[in-house]
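The next block holds one structure in the form of structure tokens; read it before the comments.
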Amino acid sequence: MCLCVIERRTKMPAIQYSLAAGRLRRSEIRELLKLTRMSDVISFAGGLPDPSIFPYQAVKEAAIRAIDERGPLALQYSPTEGEPFLREQLAAFMQRQGESVAADDIFEVASSQQALDLIGKVLIDPHDPIVVELPSYIGALQAFTSYNPEYRGIRMDYNGVIPEELERTVAALCSSGRKPKFVYLIPDFQNPSGITLSLQRRKKVLEIASRFDLLLIEDSPYRELRFAGEMLPSLYSMDTERRVLYVKTFSKIFCPGFRIGWVMGPADLVEKLVMAKQGTDLCSSAFTSFVAAYFIESGHLEKQIALGKERYLRKSQLMLQALQKYMPEVEGLSWSKPEGGVFLWVTLPEYMDTEEMIKEAAESKVIFVVGKAFHCDGSGGNTMRLNFSYPTEEQIVEGIKRLARLIGKFVRHESAHVRPQA
């Protein structure tokens, strides 16, 4: 018998990457989240829910039901569109939230991030113009950038995206024969700013979309987490022309570990997304779909949302109070006051650069996300995003104290009064 020894070579092949691969970049947030595993670091960086409110027992009971009652289906492949039982429960949940949705309207995805990638795959050709908020969700920018679009950013104020700027931008593109492929918006407690698009502006955005025949992508991870103010209708529910693609997820209202999201919108577009998903992962997890469906059927999702709203109201108030108490009194320093969601947005004087602060912040054991990462045009150097859902109440107060001391070091104005730190 001949035993052949295969020599292992250390030289790697010359891999020829695609142009799309050359556009891939590591997520700044994902990289920062590695620091959240360090016990002495206070993290305002990620969008992580509060793990102390995760419904461990309810999920355990739902998982047992999934095996006991649907075992052969739960451990098998599922339809690309999603398990019918979950789609039925999602439709019933959304109906209880005041949305007009049928089970057949729903397409299940692996959280909203997969939906964003599928949207890029189905809609974006290289150099297509797409319109986003300024700032916008970094995960969406990361997903879309893989398909090499040309971004047009629309500024926001504390009432959301500015309709006049949206109209001017769209009109200019259309007059040059380059109608945007879509407009991407997060109307409720926007990531990263925490700002909500006002009802008047929602109507105006829909009117602009109708006039220019635009597709709107409504990303809605936080809508149900409103803990103050009046719930506003979604763009999807206000749309009478079927031009809104509505993207939802469990990641903030339930827990991100399930990686379940869902999409509703124009039937032909949803069908294209289904085809694209088949080439990506064939289908979502049947097991987690059944567990989630039983969780919803048992009434636990509404309980989880209520608990989240109660906890995040308290934490957001605590962060706002700490910002007011400890931040330097300097012209140009302000922050948003969200009525829901998990983020708020800090704007510093224009001469400050949060990228210059991040290393020293890490050394001070407090981390945030630099605002430039959320701007498709590279602006926003004087901004940062803070998360209040993940840190404990004690960490929020101490973390803001550390952050205030750090920002105080960068204040140029001699006349600025820096509050003493307790």
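Quick notes
- Odd one out for residue 373, checked against (1) buried (at least 16 other Cβ atoms within 10 Å of the Cβ); (2) modelled with pLDDT of 95 or more; (3) within 25 Å of the chain's Cα centre (by Cα): (2)
- Residue in the stretch 212-232 that is over 22 Å from residue 340 (Cβ atoms) and of a type in the set (Phe, Trp, Tyr) present: yes
Here's the yes/no breakdown for (1) within 20 Å of the chain's Cα centre (by Cα); (2) closer than 23 Å to residue 91 by Cβ; (3) assigned by TED's automatic domain parsing to the domain that holds residue 227; (4) without any contact (Cβ under 8 Å) to a residue 60 or more places away in the chain:
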| site | (1), (2), (3), (4) |
| --- | --- |
| 313 | yes, no, no, no |
| 319 | no, no, no, no |
| 328 | no, no, no, no |
| 332 | no, no, no, yes |
| 346 | yes, no, no, yes |
| 352 | no, no, no, yes |
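- Of the residues 411, 342, 366, the single one that is β-branched (Val, Ile, Thr) and out of contact with any strand residue (DSSP E or B) (no Cβ under 8 Å at 6 or more places or on another chain) is 411.
- Count of the stretch 114-128 residues, restricted to those that are surrounded by 20 or more Cβ atoms within 10 Å (Cβ to Cβ) and either farther than 28 Å from residue 295 by Cα or not assigned by TED's automatic domain parsing to the domain that holds residue 209 (or both), is 4.
- Per-region count, the stretch 333-366, residues modelled with pLDDT under 95 and touching a Ser or Thr at 6+ places or on another chain (Cβ under 9 Å): 1
- Matching helices (runs of 4 or more DSSP H) fully within the stretch 9-127 where at least 1 residues are modelled with pLDDT under 85, farther than 30 Å from residue 403 by Cβ and within 23 Å of the chain's Cα centre (by Cα): 19-22
- Any hit, the stretch 323-330, residues being farther than 30 Å from residue 245 by Cα and part of a strand (DSSP E or B): yes
- Residue in the stretch 235-242 that is surrounded by 20 or more Cβ atoms within 10 Å (Cβ to Cβ), at pLDDT 95 or above, among the hydroxyl-bearing types (Ser, Thr, Tyr) and touching a Gly at 6+ places or on another chain (Cβ under 9 Å) present: yes
The values are calculated or read from the model by the stated rules, or taken from the named source; none is laboratory data. These numbers were taken from a predicted model, which means no experiment stands behind them. Ideal geometry is used to build each Cβ from the backbone, glycine not excepted, and the neighbour counts take in all protein chains shown.
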